[in-house]
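> Submitted below is the structure of interest, expressed as structure tokens.
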Amino acid sequence: GTEMSPTLGQYLAVSGLLFIIGLAGVILRRNILIIFMCLELMLNAANLSLVAFSRYNLTIAGLPNYSGQVLVFFVITVAAAEVAVGLAIIVALFRAKRTTHVEDLDSLKF
């Protein structure tokens with residue numbers, strides 16, 4: 001078959017687009033849950049670029065280099081812990097303030 005496999009540049013373009021969408025969501029949105037999901041989108045965009053670089057980086061012997069994919073494993077582990085702690089904080093804030101709007105969460109202001 002003459003099927004075309006995606007190139008490294010195409011993977012990085014998709015990764016960059018996902019990261020830009022996540023960054024725009026973190027900067028522009030006011031709902032703390034949407035901000036949290038956009039942070040996760042940014043982490044997954046970085047994971048996609050790491051896997052793409054790992055896929056297209058061959059060593060001298062022609063064997064695949066899996067160091068990027070090992071790093072992705074640790075990023076996913078840290079992201080899972082971050083989701084557990086972050087959602088607990090968001091639930092506690094919602095119970096105390098009855099809102100998920102960022103402007104209303106001003107507990108640390110003087």
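The values are calculated or read from the model by the stated rules, or taken from the named source; none is laboratory data. What you are looking at is a predicted structure, and each value in this text was computed from that prediction instead of being measured. With ideal geometry, Cβ positions are generated from the backbone for all residues, glycine too; neighbour counts draw on all protein chains shown. SASA here: full protein model, heavy atoms, side chains in, ligands and nucleic acids out. Shrake-Rupley method; radii C 1.70, N 1.55, O 1.52, S 1.80 Å.
> Going by what's in this entry, would F53 be described as in contact (Cβ under 8 Å) with a residue 24 or more places away in the chain and open to solvent by 70 Å² or more (accessible area, probe 1.4 Å)?
On the way: in contact (Cβ under 8 Å) with a residue 24 or more places away in the chain: yes; open to solvent by 70 Å² or more (accessible area, probe 1.4 Å): yes.
Considered against the rule, which asks whether it is in contact (Cβ under 8 Å) with a residue 24 or more places away in the chain and open to solvent by 70 Å² or more (accessible area, probe 1.4 Å), F53 comes out as yes.
> Something else: Tell me, which residue of region 69-101 that is in a helix (DSSP H, G or I) and of a type in the set (D, E, K, R) is surrounded by the fewest Cβ atoms within 10 Å (Cβ to Cβ)? Give the steps one after another, and end with the answer.
Here is the first cut: in region 69-101, the ones in a helix (DSSP H, G or I) are 69-97.
Next, from what is left, pick out any that are of a type in the set (D, E, K, R): 82, 95, 97.
On the way: E82: 14, R95: 8, K97: 13.
Ranking the qualifying residues of region 69-101, first place goes to R95.
Conditions tested, residue by residue: (1) modelled with pLDDT of 95 or more; (2) at positive phi; (3) basic (K, R).
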{"residue": "S5", "(1), (2), (3)": "no, no, no"}
{"residue": "Q10", "(1), (2), (3)": "yes, no, no"}
{"residue": "G22", "(1), (2), (3)": "yes, no, no"}
{"residue": "A45", "(1), (2), (3)": "yes, no, no"}
{"residue": "A52", "(1), (2), (3)": "no, no, no"}
{"residue": "R55", "(1), (2), (3)": "no, no, yes"}
{"residue": "A61", "(1), (2), (3)": "no, no, no"}
{"residue": "G68", "(1), (2), (3)": "no, no, no"}
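> Something else now. Inspect region 54-66 for any residue being touching a Gly at 6+ places or on another chain (Cβ under 7 Å) and assigned to a helix (DSSP H, G or I) and give the result as yes or no.
Looking for residues that are touching a Gly at 6+ places or on another chain (Cβ under 7 Å) and assigned to a helix (DSSP H, G or I), one finds at least one in region 54-66, hence yes.
> Can you tell me which residues in region 1-43 are within 14 Å of the chain's Cα centre (by Cα), open to solvent by 70 Å² or more (accessible area, probe 1.4 Å) and farther than 30 Å from R98 by Cα?
V14, L17, F19, I20
> Only one of these conditions is not met by E3: (1) touching a Ser or Thr at 6+ places or on another chain (Cβ under 6 Å); (2) over 24 Å from A84 (Cβ atoms). Which number is it?
Every condition holds for E3 apart from (1).
> Go through region 20-53 and report how many residues are touching a Ser or Thr at 6+ places or on another chain (Cβ under 8 Å) and of a type in the set (A, V, I, L, M, F, W, C). Walk me through it before giving the result.
Keep residues of region 20-53 that are touching a Ser or Thr at 6+ places or on another chain (Cβ under 8 Å), which gives 31-33, 45-46, 48-49, 52.
Next, only the ones that are of a type in the set (A, V, I, L, M, F, W, C) stay: 32-33, 45-46, 48, 52.
So the count comes out to 6.
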